[in-house]
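A.B. asks: I am attaching a structure below and will ask some questions about it afterwards.
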Amino acid sequence: MYEELIAESIKAKKLSHSPYSNFRVGVALLTKDNTMFSGANVECSSYGLTICAERVAAVKAITERHKIFKAVAIASSGKDFAFPCGACRQFLSEFSENMDVILVKSKRNYQIYKLQNLFPHKFIFKL
């Protein structure tokens, strides 16, 4: 079902700019209308300015007027599955709480979760 998305996340991992940690992350994001956007992590020597692959792909989608996401595949160079960080969980949840999060080690080795299960209590700005 998600073969192309998984393959694209593995391909995107090669585009990572991670000279400090050498932790490469590639993402493929699927929108409501089945458009795919990819992204890779971009590190900065001031670590707080590093941009996660999930947000790179999401911002690309959003700026192309795609604001409802169905799934995201996340491939990393780590030995374990790489879950999205808290900031990325919050960011993604603003566009789809019910999206599938696919953690990828290889084309045949992956796990699928629902974002709402990984992040059940998102922050909601209310005055």
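A.B. asks: Just name the residue that is nearest to ASN22 (Cα to Cα) out of those in segment 52-64 that are surrounded by 12 or more Cβ atoms within 10 Å (Cβ to Cβ) and of a type outside the set (Gly, Ala, Ser). Steps first, answer last, please.
C.D. replies: Applying the first criterion (surrounded by 12 or more Cβ atoms within 10 Å (Cβ to Cβ)) to segment 52-64 yields 52-62.
When the remaining residues are screened for being of a type outside the set (Gly, Ala, Ser), the result is 52, 54-56, 59-60, 62.
Values: CYS52: 13, GLU54: 17, ARG55: 19, VAL56: 18, VAL59: 23, LYS60: 23, ILE62: 28 Å.
Looking at the filtered set, the residue picked out is CYS52.
A.B. asks: Residues in segment 38-49: is at least one among the polar types (S, T, N, Q), assigned to a loop (DSSP other than H, G, I, E, B) and surrounded by fewer than 17 Cβ atoms within 10 Å (Cβ to Cβ)?
C.D. replies: Filtering segment 38-49 down to residues among the polar types (S, T, N, Q) leaves 38, 41, 45-46.
Going one step further and asking which of them are assigned to a loop (DSSP other than H, G, I, E, B), we end up with 41, 45-46.
Those still in the list that are surrounded by fewer than 17 Cβ atoms within 10 Å (Cβ to Cβ) too: 45-46.
Checked segment 38-49: at least one residue is among the polar types (S, T, N, Q), assigned to a loop (DSSP other than H, G, I, E, B) and surrounded by fewer than 17 Cβ atoms within 10 Å (Cβ to Cβ).
A.B. asks: Filter segment 96-106 for residues that are closer than 16 Å to ALA28 by Cα and either assigned to a strand (DSSP E or B) or at pLDDT below 95 (or both) and give the result. Write out each step before concluding.
C.D. replies: Here is the first cut: in segment 96-106, the residues closer than 16 Å to ALA28 by Cα are 96, 99-106.
If the condition is that a residue be closer than 16 Å to ALA28 by Cα and either assigned to a strand (DSSP E or B) or at pLDDT below 95 (or both), then SER96, ASP100, VAL101, ILE102, LEU103, VAL104 are the ones that fit.
A.B. asks: Would you pick out the residues in segment 6-57 that are over 15 Å from the mean Cα position of the chain (by Cα) and acidic (Asp, Glu)?
C.D. replies: Answer for segment 6-57, where residues must be over 15 Å from the mean Cα position of the chain (by Cα) and acidic (Asp, Glu): ASP33, GLU43.
A.B. asks: Would you check which residues across segment 19-37 are surrounded by fewer than 17 Cβ atoms within 10 Å (Cβ to Cβ) and not hydrophobic (A, V, I, L, M, F, W, C) and list them?
C.D. replies: PRO19, TYR20, SER21, ASN22, LYS32, ASP33, ASN34, THR35
A.B. asks: With the condition kept exactly as written, say whether any residue in segment 76-89 is farther than 15 Å from LEU103 by Cβ and part of a loop (DSSP other than H, G, I, E, B).
C.D. replies: Of the residues in segment 76-89, the ones farther than 15 Å from LEU103 by Cβ are 86-87.
Filter once more, so that each one left must be part of a loop (DSSP other than H, G, I, E, B): none.
Looking for residues that are farther than 15 Å from LEU103 by Cβ and part of a loop (DSSP other than H, G, I, E, B), one finds none in segment 76-89, hence no.
A.B. asks: Out of segment 1-34, which residues are touching a strand residue (DSSP E or B) at 6+ places or on another chain (Cβ under 9 Å), over 21 Å from LYS79 (Cβ atoms), touching a residue at least 60 places away in the same chain (Cβ under 8 Å) and in a helix (DSSP H, G or I)?
C.D. replies: LEU5, GLU8
A.B. asks: Hey, another quick one. I'm told LEU49 meets every condition in (1) within 24 Å of SER18 (Cβ to Cβ); (2) touching a residue at least 12 places away in the same chain (Cβ under 8 Å) except one. Can you identify the failing condition by its number?
C.D. replies: It is condition (2) that LEU49 fails.
Residues checked against (1) surrounded by 13 or more Cβ atoms within 10 Å (Cβ to Cβ); (2) among the basic types (Lys, Arg); (3) out of contact with any Phe, Trp or Tyr (no Cβ under 9 Å at 6 or more places or on another chain); (4) without any contact (Cβ under 8 Å) to a residue 60 or more places away in the chain:
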{"site": "HIS66", "(1), (2), (3), (4)": "yes, no, no, yes"}
{"site": "ALA73", "(1), (2), (3), (4)": "yes, no, no, no"}
{"site": "PHE83", "(1), (2), (3), (4)": "yes, no, no, yes"}
{"site": "GLN90", "(1), (2), (3), (4)": "yes, no, no, yes"}
{"site": "TYR113", "(1), (2), (3), (4)": "yes, no, no, yes"}
{"site": "ASN117", "(1), (2), (3), (4)": "no, no, yes, yes"}
{"site": "LYS122", "(1), (2), (3), (4)": "yes, yes, yes, yes"}
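A.B. asks: Tell me the residue from LYS79, LYS70 that is of a type in the set (Lys, Arg) and farther than 22 Å from PRO120 by Cα, please. Walk me through how you get there before you give the answer.
C.D. replies: Numbers: LYS70 fails: farther than 22 Å from PRO120 by Cα.
Checking each option against the conditions leaves just LYS79.
A.B. asks: Something else about it: Can you tell me which residue among SER76, SER93 is of a type in the set (S, T, N, Q), modelled with pLDDT of 95 or more and under 11 Å from the mean Cα position of the chain (by Cα)?
C.D. replies: SER76
The values are calculated or read from the model by the stated rules, or taken from the named source; none is laboratory data. All of these numbers come straight from a predicted model, not from anything done at the bench. Ideal geometry is used to build each Cβ from the backbone, glycine not excepted, and the neighbour counts take in all protein chains shown.
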